[in-house]
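Worksheet: one structure, shown below.
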Amino acid sequence: MASVLASKMGLNSLRRRQAKTFNVRIVTMDADLEFSCEVKWKGKDLFELVCRTLGLRETWFFGLQYNVKDTVAWLKMDKKVLDQDVPKEEPIVLNFLAKFYPENAEEELVQDITQHLFFLQYGDYDPSVHKPGFLAQEELLPKRVINLYQMTAEMWEERITACYAEHRGRTRDEAEMEYLKIAQDLEMYGVNYFFIRNKKGTDLLLGVDALGLHIYDPENKLTPKISFPWNEIRNISYSDKEFAIKPLDKKADVFKFNSSKLRVNKLILQLCIGNHDLFMRRHRVDSLEVQQMKAQAREEKARKQMERQRLEREKHLREEAERARDELERRLIQLQDEAHMANEALLRSEETADLLAEKAQIAEEEAKLLAQKAAEAEQEIQRIKVTAIRSEEEKRLIEQKMLETEMLALKMAEESERRAKEADQLKQDLQEARESERRAKYKLLEITSKSPYSAASLSPSALPPDLSFSTENLSFDFKDTDMKRLSMEIEKEKVEYMEKSKHLQEQLNELKTEIESLKLKERETPLDILHNENTERGTSKQSNFKKLTLQSTKSRVAFFEEL
């Protein structure tokens with residue numbers, strides 16, 4: 001069986017030597033890349049190709065990682081790719097990951113792409129897009145954290161969305177940096193852990209990070225027992241499974257520990273050398289390349305600042321124009337309603353005038369008829385007087401009839417006078433109605449003259465001159481920009497950024513306090529309990545590191561040996 005396996009491996013090796021190229025798949029944090037490589041390429045050749053493809057210049061933080069047996073390994077830069085323990089099947093899968101972490105992300109990460117590769121973030125909050133349920137498919141929190149609190153998915157979304165909306169307008173770069181600043185203060189940030197034993201055979205954990213070497217109890221990965229900063233270490237070496245650390249302090253002894261495998265020692269040495277190199281880089285003058293990158297980053301930041309200001313001005317003018325348009329539309333609707341009401345009033349005035357005119361005509365005709373009847377009655381009286389019967393009875397009857405006739409005539413005269421007055425009143429009402437009609441027409445004309453904007457004229461091109469805008473008026477020439485003013489604006493932006501950062505921290509503390517009562521204490525892990533204890537004591541990663549390094553190197557080495 002062993003001979004067959006050896007034959008197959010020999011055959012694969014022979015085929016690779018005969019081939020001139022081999023295929024590689026690079027898995028980054030947000031995309032997969034595939035390359036055809038020459039068989040003579042070293043790790044450096046492939047790594048530089050990947051970095052060029054990504055547009056990455058801060059290459060010293062990253063590496064190409066692959067799985068080998070029960071551990072991981074990093075591709076060596078000075079050795080041929082195919083001569084290393086990489087997977088044998090093509091395409092060879094390598095992970096492009098952060099190998100080393102910055103001590104201070106805000107100061108050390110220059111390029112946006114570097115920052116982005118350390119963390120990927122969402123876009124700006126938009127209430128029209130980010131409606132209830134938009135986070136349902138997003139795994140923003142580990143299952144362990146979700147199970148730790150008596151909170152539904154809707155409750156988490158409500159709180160996350162409220163924070164998201166409050167920080168609307170922040171750029172992706174700012175959001176990513178805030179995340180990294182919070183992450184870098186966590187106890188396990190950037191630490192690679194390895195099981196080791198000291199001379200006494202005590203099981204311990206070795207932690208390697210940007211600050212130095214740390215020794216932990218295996219049950220507590222958060223708080224190291226002792227630490228050795230990189231500036232206290234002179235030399236690091238290993239022989240088989242034994243690792244030796246030589247302190248810079250000549251009074252201190254070389255302290256040694258054993259790891260489980262030779263392969264692990266190689267990995268520890270790689271991480272120690274890389275982190276020590278980055279420590280030295282942080283404490284010396286920037287190289288010309290880094291100075292150029294920082295200058296370009298400043299120029300890019302200034303350009304983005306100007307672009308953001310331009311977009312903000314455009315957005316402000318657009319919002320002003322939209323508000324003006326909405327106000328015009330509202331005013332137009334109001335004027336249309338007033339015109340409709342005036343038109344209805346005009347119609348009512350016209351109907352009233354016609355009715356009054358008809359009543360006046362009827363009253364005038366009735367008055368004429370009554371006057372005619374009164375005249376006829378008077379004539380009848382005169383006739384009766386002339387032809388009166390002399391007899392008393394006839395005289396009495398005639399007198400009675402005359403009296404009745406006179407009363408009827410008087411009543412008719414009064415009725416005629418009343419009708420005449422009523423006709424005069426109707427004429428007056430008709431005149432007033434026609435005056436009202438004239439005023440209604442004038443009001444309608446006035447409303448029409450006050451509304452120069454119809455529904456079709458409410459487009460941006462038809463807005464008043466003082467409300468219209470053009471992006472051409474917003475163009476700028478960066479070369480002619482007053483750099484002093486720009487510096488002041490950038491400084492102002494820094495102050496605002498610091499205030500936003502402080503506000504964000506306060507908001508996170510408020511959220512933590514708010515949901516603390518919903519935490520299920522029985523589901524807390526030992527690391528949760530240790531982290532809470534550190535927080536309650538006010539012990540941070542930095543303060544603990546300073547405390548552990550107060551004693552001399554010699555005393556700390558002795559303490560390690562006695563663990």
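Brief remarks follow.
- Less than 5 angstrom separates the built amide H of Leu248 from those of Ile233, Arg234, all sequence-distant by 5 or more or on a different chain.
- Surface/4 of the Cα convex hull for region 267-330, nm²: 8.0
- Cα gyration tensor shape of region 69-113, rounded if a/c is under 1.5, else prolate or oblate by comparing a/b with b/c: prolate
- Cα centroid separation - region 267-334 against region 187-209, whole Å: 39
- Peptides 506-516, 201-211 ranked from most to least packed give 201-211, 506-516, packing being the mean of other C-beta atoms within 10 angstrom over each peptide's residues.
- Set of aspartates and glutamates near Lys251 by C-alpha distance (under 20 Å), chain-local residues within fewer than 8 positions excluded: Glu232, Glu561, Glu562
- Ranked packing of 141-147, 107-113, most packed first, by mean Cβ within 10 Å: 107-113, 141-147
- Residues with amide H under 5 Å from that of Lys99, placed H, sequence gap 5 or more: Phe62, Gly63
- Ordering of 23-33, 223-233, 551-561 by burial proxy (mean other Cβ atoms within 10 Å per residue, highest first): 223-233, 551-561, 23-33
- Among the listed pairs Lys181/Lys304; Lys76/Lys181; Lys199/Lys261; Lys225/Lys294; Lys44/Lys246; Lys521/Lys546, those whose Cα-Cα separation exceeds 26 Å are Lys76/Lys181; Lys225/Lys294; Lys44/Lys246; Lys521/Lys546.
- Convex hull projection area averaged over all views, region 268-385, Cα basis, nm²: 17.8
Here, each number is a calculation from the coordinates, and none is a lab measurement. Being a predicted model, the structure only gives us computed values, none of them experimental. Because the Cβ atoms are built from the backbone with ideal geometry, glycine has one as well, and the counts that use them run over all protein chains shown.
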